[in-house]
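A.B. asks: Pasting a structure here, questions to come.
Just so you know, all these numbers are worked out from the coordinates, no wet-lab data involved. Remember, predicted model here, so these are calculated numbers, not experimental data. Because the Cβ atoms are built from the backbone with ideal geometry, glycine has one as well, and the counts that use them run over all protein chains shown.
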Amino acid sequence: MQRRPNTVNRIDLERDLREAGVRDGDLLVVHSSLSRVGWIQGGPLDALAALRAVLGPRGTLVMPTFTFNLSCWGMPPFDPERTPSRVGVLTDALRHLDGSVRSSHPTHSVAAIGPLAADLIGDRIDYEPLGIGSPLDRAQMMGGRILLIGVGQNRNSTVHVAECYAQVPYFAVNFSEDSSWDEAWYLNEKGGRELVIIDQMPGSSEGFDVLENPLRRMGVVRDVMIGEAPSQMMEGNRLCVAVTSLLMENPALLLGGDATSDITRRRRLHTMKVLNQRSHRPTDLTPILQGSAP
Ligand SMILES: CC(C)(COP(=O)(O)OP(=O)(O)OC[C@H]1O[C@@H](n2cnc3c(N)ncnc32)[C@H](O)[C@@H]1OP(=O)(O)O)[C@@H](O)C(=O)NCCC(=O)NCCS
């Protein structure tokens, strides 16, 4: 018989968040699975209220609101006002909060609320979806921390940022098989269509599980509990530096054995070819080491 989840209220959540190390004034990126936490009395809005109470008025909360509106999948233009997030109810609730802002990126938008929100989101799309200068990269460079609530590294989008720092060879393989780039459209504030050409489209994160043990061994990740959900807390910059170094040693690391999606299979084949043809040249870590985490 299936066990009924325990009831969790806002006070319980605030206590767990503090015990997990969330601090007043933090810049916090959250990825979540609400159903893992237990039965939250006030639903997603209470979960957001708990996060905001612990972060306080000087804190900034950031979440992915990804929609993956790639043209090659026949997706319509992304509308930042209307297109629902496809990565969890908590993320969609955040984008609806008064005072929250959402970026216009047609595949990998993020929502944020708090004093750093506007700076993080920016007002132009002059970056790759999860690349250098993207909101999640800015978050890790500004000392942001990451909380994975009830999900593991295979949902940690900042790992994709590290792929960009490591200059992994597999971004050469696109979702659009007949083109050397991917493309996606969004609607600007006047309702006009704008095109975004993507050179570094994040692939599937199914192989990121391979990071779980190494990141614990390196002391990057702290295991915590939020309600009933096994969760992980980390400094974004330390995560990025650690994953970038691991990828420099082994650029195929995240394209792991059990990963079965078409894009991962094609990227793995390409990477093996590249690595066989030339010895992989190490990347200069200087830019990422300038991030503000200790
Ligand atoms: C896909 C994913 C969101 C699914 O997790 P989930 O817990 O099933 O879904 P949500 O977080 O949206 O929470 C909604 C679920 O919580 C449960 N729920 C509903 N009310 C609830 C409440 N008051 N308290 C607790 N759980 C509740 C329901 O099961 C609901 O699912 P349903 O609407 O289909 O019945 C999760 O596995 C995941 O991947 N999260 C990370 C997403 C991310 O950040 N991605 C970016 C990198 S890939």
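A.B. asks: Return the loop-located GluC sites (Glu not before Pro) in the range 151-249 (DSSP other than H, G, I, E, B) with at most 10 other Cβ atoms within 10 Å of their own Cβ; answer none if there are none.
C.D. replies: 177, 189
A.B. asks: With θ set to phi - 60° and the Karplus curve 6.51 cos²θ - 1.76 cosθ + 1.60, what are the ³J(HN,Hα) couplings of the range 192-199 in order, to the nearest whole Hz, using x for Gly and Pro?
C.D. replies: With the stated coefficients, the range 192-199 comes to x, 7, 10, 9, 10, 8, 10, 9 Hz.
A.B. asks: At what distance in nm do the modelled label points of residue 96 and residue 209 sit from each other, each positioned 7 Å from its Cα along Cα→Cβ?
C.D. replies: 3.3
A.B. asks: Right, next: Could you work out how far helix 43-55 tilts from the main Cα principal axis of the chain, as a 0 to 90 degree angle to the nearest 10?
C.D. replies: 90
A.B. asks: Mind jotting down the three principal axis lengths of the range 4-52 based on Cα atoms? Whole angstrom, largest first.
C.D. replies: 34, 19, 17
A.B. asks: Here's another thing I want to ask about it. Compare 119, 137, 199 in a GNM of the chain, Cα atoms joined below 10 Å, and give the one with the largest fluctuation.
C.D. replies: 119
A.B. asks: For residue 124 and residue 79, compute 0.36 nm times the residue count separating them, minus their Cα-Cα distance, and round to one decimal in nm.
C.D. replies: Gain on stretching residue 124 to residue 79: 14.7 nm.
A.B. asks: Give me the extension gain from residue 197 to residue 53: residue separation times 0.36 nm, minus the current Cα-Cα distance, reported in nm with one decimal.
C.D. replies: 48.0 nm
A.B. asks: Pick out, in residue order, every one of the trypsin sites (Lys or Arg not before Pro) in the range 110-168 that is DSSP loop and has at most 13 other C-beta atoms within 10 Å; say none if there are none.
C.D. replies: Hits after loop and neighbour filter: 124.
A.B. asks: Shifting gears a bit: For the chain, how big is the tail of P(r) above 37 Å, as a whole percent of Cα pairs?
C.D. replies: The calculated P(r) of the chain puts 12 percent of pairs beyond 37 Å.
A.B. asks: Moving on to the next point. Label residue 132 and residue 265 with points 7 Å out from Cα along Cα→Cβ: what is the distance between them in nm?
C.D. replies: Taking the two extended label points, one gets 3.4 nm.
A.B. asks: What residue among 100, 157, 134 has the largest mean-square fluctuation in a Gaussian network model of the chain, using Cα springs under 10 Å?
C.D. replies: Checking each option, the largest mean-square fluctuation is seen for 100.
A.B. asks: Mean-square fluctuation check for the chain, GNM, Cα pairs under 10 Å: which of 167, 200, 41 is largest?
C.D. replies: For the chain, modelled as a Gaussian network with Cα springs under 10 Å, the answer is 41.
A.B. asks: Cα convex hull of the range 1-87: mean projected area in nm², to one decimal?
C.D. replies: 8.2
A.B. asks: If you take the beta carbon distance between residue 23 and residue 178 as r and set R0 to 35 Å, what does 1/(1 + (r/R0)^6) give as a FRET efficiency, to the nearest 0.05?
C.D. replies: 0.10
A.B. asks: Please compute the Kirkwood hydrodynamic radius of the range 32-83 from all pairs of different C-alpha atoms, in Å with one decimal.
C.D. replies: Radius from the Kirkwood sum: 13.9 Å.
A.B. asks: Compute the FRET efficiency between residue 39 and residue 273 as 1/(1 + (r/R0)^6), taking r as their Cβ-Cβ distance and R0 = 45 Å, and round to the nearest 0.05.
C.D. replies: 0.35
A.B. asks: Helix-derived [θ] at 222 nm for the chain: sum -39500 (n - 2.57) over DSSP H runs of at least 4, divide by residue count, nearest 500?
C.D. replies: Calculated mean residue ellipticity at 222 nm is -9000 deg cm²/dmol.
A.B. asks: Taking just the C-alpha trace of the range 182-223, give me its Rg and Dmax in Å.
C.D. replies: Looking at the range 182-223, its Cα Rg and Dmax stand at 18.2, 50 Å.
A.B. asks: Please give the length that would be gained between residue 15 and residue 185 if that part of the chain were fully extended, namely 0.36 nm times their separation in residues minus their C-alpha to C-alpha distance (nm, one decimal).
C.D. replies: Between residue 15 and residue 185, full extension yields an extra 57.0 nm.
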